[in-house]
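Following: one structure in structure tokens, then a few remarks.
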Amino acid sequence: MANENFKNQVITAAQKLFQKHGLGMVTMEDVAKAVGKGKSTLYYYFKSKEEIFNAVLDSEISDVVTETLKRLSIHDIFLDKLKAFTHTKFEMVQKRKSLYKAMEAGMDAEAFSQYMEAKKQIHQKYLQKEILILQQVFFNAIQRNEIPDMDINQIEKNIFLFLSAIRGINREFVVHGNPDDDGKDVLNQFCELYYRGIR
């Protein structure tokens, strides 16, 4: 337990340092100082700064998954669960955008390439967790006769369409920005159209 507590302290401290100075400017020594330990102690738990960075991204994903499950548990109705899922994802994308932007400061081309590869791998892990969450939402909705019965292939195709559309909507609002709307109304409208389409 003490080991886990220390690892969590390192992850929290590193996240703050990465956000403040950028991933490229932070050293293992900086992280060790931030947690009040020597570098040798840090290397016992993490082999490199990249490993700490991956742990930071994993922690971010765990937070998003936990928050998503918490918000979904409040609702029983399929459509409400879809809306809760999209709103949580939208808010977390906004939060992570500033984190990633800050982390990217001061990176050279090689470091940026490694960073993008790590982000891609973490994204794949997150995507698998999202799929599992949504599969359960679909199974529950089928049991409650809210949507027609469908096999796992149909469910997976529907989830793929749902997640792809949400990513596109989030990109429009979070990356490109839209001063006339915060995105949640559009997400609600999308969820209603999607629900009618599969019902």
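Computed from the coordinates by the stated procedures, all read-outs in this text should not be read as laboratory data. These numbers were taken from a predicted model, which means no experiment stands behind them. Note that each Cβ is placed from the backbone with ideal geometry, even for glycine, and that neighbours are counted across all protein chains shown.
Sticking with the crude label model, points 7 Å out along Cα→Cβ, report the distance from Met28 to Lys125 in nm, one decimal please.
About 2.0 nm separates the two model spin labels.
Quick one: if you stick a label point 7 Å off each Cα along the C-beta vector at Lys37 and Glu156, how many nm between them?
Each label point lies 7 Å from its Cα, and together they span 4.1 nm.
As I understand it, the value is the acute angle between the Cα axis of helix 49-73 and the longest principal axis of the Cα atoms of the chain; what does it come to in degrees, rounded to 10?
The angle comes out near 30 degrees.
Taking the dipole about the Cα centre of the chain, with the C-beta of Lys and Arg at +1 and of Asp and Glu at -1, give me whichever of Thr12, Gln189, Phe90 is farthest to the positive side.
Among Thr12, Gln189, Phe90, the one farthest towards the positive end of the dipole of the chain is Thr12.
Rounding to the nearest 10 and keeping the result within 0 to 90°, find how far the Cα-based axis of helix 109-143 lies from the longest principal axis of the chain.
Long axis of 109-143 versus the principal axis of the chain: about 30 degrees.
For every other residue with a beta carbon closer than 12 angstrom to the beta carbon of Phe78, add +1 if it is Lys or Arg and -1 if Asp or Glu, then tell me the sum. The partial results should precede the final answer.
Numbers: positive: Lys81, Lys83, Arg144, Arg196, Arg199; negative: Asp76, Asp80, Glu146, Glu192.
Value of the local net charge: +1.
Rounded to the nearest 0.05, what FRET efficiency is calculated for Asp185 and Leu69 with R0 set to 25 Å and r the Cβ-Cβ distance? Show your work: numbers first, answer last.
Working: r = 24 Å, r/R0 = 0.98.
For R0 = 25 Å, the calculated efficiency reads 0.55.
Sticking with the crude label model, points 7 Å out along Cα→Cβ, report the distance from Gln136 to Glu110 in nm, one decimal please.
Label at Gln136, label at Glu110, 4.3 nm between them.
Taking 1 over the mean of 1/r across every pair of different Cα atoms in region 70-167, what Kirkwood radius in Å do you get? Mind showing how you got there, number by number?
Working: mean 1/r = 0.0650 Å⁻¹.
It is 15.4 Å.
Would you give the gap between the C-alpha center of region 154-171 and the C-alpha center of region 11-62, rounded to a whole Å?
33
Cut-off is 10 Å between beta-carbons; in what order do Val137, Val65 appear when sorted fewest neighbours first?
Numbers: Val137 20, Val65 17.
With the sparsest Cβ surroundings first, the list reads Val65, Val137.
By how many degrees, 0 to 90 and rounded to 10, does the Cα axis of helix 152-170 deviate from the longest principal axis of the chain?
Tilt relative to the chain: about 60 degrees.
So, how do all the Cα-to-Cα distances of the chain break down into 5 Å bins, in percent, from 0 on up?
1, 7, 14, 16, 16, 13, 11, 9, 7, 4, 2, 0
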